[in-house]
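Below is one structure, written out as structure tokens; the observations come after it.
The values are calculated or read from the model by the stated rules, or taken from the named source; none is laboratory data. As the structure is a computational prediction, the values presented were derived from the model and not from experiment. Every residue, glycine among them, receives a Cβ derived from its backbone with ideal geometry; neighbour counts consider all protein chains shown. The protein model used for the area step is the full one, side chains on, heavy atoms only, and it has no ligands, DNA or RNA in it. Shrake-Rupley method; radii C 1.70, N 1.55, O 1.52, S 1.80 Å.
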Amino acid sequence: MRFFSGQFFFLAAFLFLCLSVQAQPTAFSWQPVAPGVWKAVVGKADGPTPLSVAAIQPRLDGLTKLGAAPFPAWLTGSVHSQADNKTFLRFPLQRGEQLFGLGLNFKAVQQRGTIKTLHVDHYGGRDNGRTHAPVPFYVSSLGYGVLINSARYLTVYAGTAVRAEGPESPPEMNRNADRNWQAQPYSDAVDVVVPAAGTEVYVFAGRTPMEVMQRYNLYCGGGTLPPKWGLGFTHRMPTLFTDEQILNEVADFETKGYPLSFVGLEPGWQSHSYPNSFVWDSTRFPQPARFLAQLASKNIRANLWINPYVSSHSPLFNAILPYTGSHTVWVGRVPDFNMAPARRLYKELFIKQHLSMGVSGYKVDEVDGYDQWLWPDVATFPSGVSAEQMRQVYGLQFQKLTADWFRERNQRTYGLVRGSNAGASALPYVLYNDYYDHRDFITALCSSSFAGVLWTPEARSSKTSEEWLRRMQTVCFSPMAMLNAWADGTKPWTFPDVADDVKAVMNLRMQLLPYLYTTFAQYQFEGKPPIRAMNLVDGFSFDERATAGTLNSTDNPYALAVRKDCKDQFMVGDFLLVAPLFAGETSRKVILPAGRWYDFYTGKLAGEGEVIDITPGLANIPVFVKDGGLIPMIPPTLHSPNATEKLPLTVRHYGKAAVVWTLYDDDGVTFDYEQGKHTWTQLSVSQNQNASLTGSWTPPTDPTFHYTGISWVFMTP
Ligand code: GAL
């Protein structure tokens, strides 16, 4: 007995030693997985992850083109440890370093000094981590990114935790006597709690934040390339509209001369919703295939609203029951898409009822929150995947599922979704919500570019014509130009006094399609986000060391402005800087990065590396073009050009600089571009001896190129 207790003592001591050794912070073991990308596995594997659910297929061609890069030296001191069934991660921070990302945020782009618990949810008004895409990824202004590939509710202390004995631990101060005393003393690290016994971590290198985003998006498969119709204008119909009412509304767009490329059908297209039957309501849509064909004959596509929760009136109800969870959402059963039969049943019904009839895409609603609507964390699912992990990846999973159905038909889709996560770049979906704060919607456009997702600041209704116009102007400079009239029945021409201005900006959206399409091709092939926060512009990120001692509004107003969070202006592609105004505003400040910038409408010089004040009037949304910017445009068109249409191209050049830029084109609807059926056409502007400019190009003979001739317009006199 005594012997036994002695043995027991040694065993206990050994176990204790093991545990305490494990609790010691340990360096990561980084393994290269692609040029400039590393992965470390910590502890035990933990079920589905965002990247496994999205089934990412890294674009190695794009990553190879970006080239090899050394492991970011800033991260060599990173450590992990485990205790209490949790995994703790720590990544060092430097003084002056800024952080971006941590999901789709609505209040701020910069994230250093924030604390978040990343949790898929409907945005509730605070950047606390509960959002539609709480992507566990951040980008540093020093040029690296960190992704925690976990489907858990992660808590991230992004530079707030202050260790007692860290290399940069701040000195204690006496608040009574020291005016420099700070409520938030200096923190030298990002700390992450993963509530699981293990996780995967990825590091992305880059000389600039843009290069980091490129590597992240390319690693996730390259950004989505929408069909051409997806980049036109879309109008979501009042929820109980019939087929006839929809066709009449479409005809109104046509006769009044407002562009339209696809329409959205809200819950009323179904016989029961919500929960959902997923089949057409036979009174409102007696002949759905005929109705869809009528739309198609007018070059208009159709998108169907759904949420995934099944009604007892659905034809798949009985068959799906064994593959649903313990709890309901609006009393609908919650399918467990980790189970192959659940995926198969949805696929069969959706293909029969929708895709094969001519439906072009989905709006996947309510896969985000709120908590009181979705399943609780005590719910169980037949696959054994926890309710927490289900919540974190449900929207992502549905995106992948539906995207695959369209891909199998060699048909591109472009839809809407309210829940997403890491690994979503290549998935053809745009996020939206019910929050409807115009200013915060624009901040979300900026922050989306650091999350590998797309976001639309949809317009629904407005109190005044001024607000209506301002909202319609911003949707036309976003990934999806959408009027969501599901509840209000608004139309672009609802406010007669601004109806012409609304039409003008919708037309401008259509004219810009060649530029937008190339911008999305850059997302697909090069990983560059189509909408870009200003901090993704080279040289824009604030570097405290470079401006040390000069940060005041008299000596260095530009550096001061750049240091502040820049969240109300953004880039569309390489050349366009958009600075929206909001209702009630007649003037605003615009930060123009280094180099010269020109007014989009007049071609006149607007400024260079400075903060300007503008009073632009109501009719136009302020847009500026970088020196040497090329903007390829088509004539205003009522629908996105179809696969055989050939149009004349006008290329505007701004400023004085010579430039070489490539214009992308393909058939606009299939995935044949992946087999090389696409064209990159070089457009060049060179300076002649007398400083005048000449444009040149060689039109490709490739049938996937849809432009006839080109005319050059030199906008800057
Ligand atoms: C909301 C959604 C709206 C609209 C509505 C229909 O959840 O955000 O855009 O689709 O459902 O019931």
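Observations
- Here the stretch 354-482 is treated as a Stokes sphere of Kirkwood radius computed over C-alpha pairs; at 10 °C and 1.306 mPa s its diffusion coefficient rounds to 98 µm²/s.
- At q = 0.05, 0.06, 0.08 Å⁻¹, base-10 log of I(q)/I(0) for the chain (Debye sum, equal scatterers on each alpha carbon): -0.25, -0.36, -0.64
- Bridging of residue 107 to aspartates and glutamates at a Cα separation below 15 Å is possible for 127, 437, 440, 565, 568, once same-chain residues fewer than 8 apart are set aside.
- The order of 377, 613, 437 by accessible area, most exposed first and with a 1.4 Å probe, is 613, 377, 437.
- Taking all protein chains into account, the per residue accessible area for the stretch 595-709 stands at 45 Å² (1.4 Å probe).
- Exposure ranking of 462, 312, 686 by accessible area [1.4 Å probe, largest first]: 312, 686, 462
- For the stretch 462-515, the solvent-accessible area with a 1.4 angstrom probe is 28 square angstrom per residue.
- Put simply, the C-alpha atoms of the stretch 656-717 give a gyration tensor, and the ellipsoid matching it has half-axes of 29, 11, 9 Å, longest first.
- To the nearest 10, the accessible area of residue 220 is 0 Å² with a 1.4 Å probe.
- Using only alpha carbons, the stretch 291-348 has a radius of gyration to Kirkwood radius ratio (Rg to Rh) of 1.13.
- Value of D in µm² per second that Stokes-Einstein yields for the stretch 192-312, Kirkwood Rh from Cα pairs, at 20 °C (1.002 mPa s): 120
- Accessible heavy-atom area order of 380, 615, 26, highest first, probe of 1.4 Å: 615, 380, 26
- Theoretical FRET efficiency, 1/(1+(r/R0)^6), r = Cβ-Cβ of residue 45 and residue 207, R0 41 Å, to 0.05: 0.80
- Probe 1.4 Å - accessible area at residue 107, Å² to nearest ten: 80
- The Cα atoms of the stretch 244-306 cover 37, 19, 16 Å along the three principal axes, with the biggest extent listed first.
- Among the trypsin sites (Lys or Arg not before Pro) in the stretch 443-536, those located in a DSSP loop and surrounded by at most 14 other Cβ atoms within 10 Å of their own Cβ are 463.
- Share of carbon and sulfur in the accessible area of the stretch 48-96 stands at 56%, probe radius 1.4 Å.
- The chymotrypsin sites (Phe, Trp or Tyr not before Pro) of the stretch 370-415 that meet both conditions, a loop assignment by DSSP and at most 12 other Cβ atoms within 10 Å of the site Cβ, are 370.
- Rounded accessible area of residue 517 (nearest 10 Å², 1.4 Å probe): 10
- The loop-placed GluC sites (Glu not before Pro) in the stretch 573-650, going by DSSP, that have at most 13 neighbouring Cβ atoms within 10 Å of their Cβ come out as 585.
- Computed over protein heavy atoms with a 1.4 Å probe, the carbon and sulfur contribution to the accessible area of the stretch 178-307 reaches 47%.
- Inter-part distance where the stretch 51-81 and the stretch 156-219 are each reduced to a Cα centre, Å: 20
- Each part reduced to its alpha carbon centroid, the stretch 399-419 and the stretch 609-684 end up 26 Å apart.
- The coefficient of translational diffusion for the stretch 315-408, derived via Stokes-Einstein from the alpha carbon Kirkwood radius under 20 °C and 1.002 mPa s, stands at 154 µm²/s.
- Inter-site label distance for residue 24 and residue 610 at 7 Å from Cα along Cβ, in nm: 5.9
- Ellipticity at 222 nm from helices only: DSSP H runs of n ≥ 4 in the chain, each -39500 (n - 2.57), divided by the residue count, give -7000 deg cm²/dmol.
- The antiparallel fraction among DSSP beta bridges confined to the chain stands at about 75%.
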